[in-house]
1. Those residues that are surrounded by 10 or more Cβ atoms within 10 Å (Cβ to Cβ) and outside any loop (DSSP other than H, G, I, E, B), I need them from the range 13-23; list them, please.
2. With the requirement that a residue be farther than 23 Å from GLU6 by Cα, surrounded by fewer than 11 Cβ atoms within 10 Å (Cβ to Cβ) and within 16 Å of the chain's Cα centre (by Cα), what does the range 24-54 give you?
3. Could you check the range 19-54 and list, in sequence order, the residues that are modelled with pLDDT of 80 or more and among the aromatic types (Phe, Trp, Tyr)?
4. Given the structure, is GLN10 open to solvent by 100 Å² or more (accessible area, probe 1.4 Å) and either at negative phi or in contact with a helix residue (DSSP H, G or I) (Cβ under 6 Å, 6 or more places away or on another chain) (or both)?
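The values are calculated or read from the model by the stated rules, or taken from the named source; none is laboratory data. Quick caveat: nothing in here was measured; it's all calculated off a predicted structure. Note that each Cβ is placed from the backbone with ideal geometry, even for glycine, and that neighbours are counted across all protein chains shown. Remember, those area values only see protein heavy atoms, side chains included, never the ligands or the DNA or RNA. Shrake-Rupley method; radii C 1.70, N 1.55, O 1.52, S 1.80 Å.
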Amino acid sequence: MDVAEEAFFQGDSYIEVDKSLFPHISSSAVETITVEFSTLEPNGILFWHGQKPDADGRGQDFIALTG
């Protein structure tokens, strides 16, 4: 599935993507996510997929892409 979106951020902005775009068909299925970024700052969190901010994430899976 291709999802083409553009976003522009200032400060601590973020985009939340609906979980239906990541169906997790099975625990053994390979999922590939390709993301392109163009930034003005030298570092920060570029992508996060995990628990909601108010959830206890201990022992849970997540992925973070930082730059």
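1. Answer for the range 13-23, where residues must be surrounded by 10 or more Cβ atoms within 10 Å (Cβ to Cβ) and outside any loop (DSSP other than H, G, I, E, B): there is none.
2. Filtering the range 24-54 down to residues farther than 23 Å from GLU6 by Cα leaves 24-30, 51, 53-54.
Filter once more, so that each one left must be surrounded by fewer than 11 Cβ atoms within 10 Å (Cβ to Cβ): 24-30, 53-54.
Residues satisfying the conditions are HIS24, PRO53.
3. Correct list: empty.
4. On the way: open to solvent by 100 Å² or more (accessible area, probe 1.4 Å): yes; either at negative phi or in contact with a helix residue (DSSP H, G or I) (Cβ under 6 Å, 6 or more places away or on another chain) (or both): yes.
When the stated conditions are applied, GLN10 passes them.
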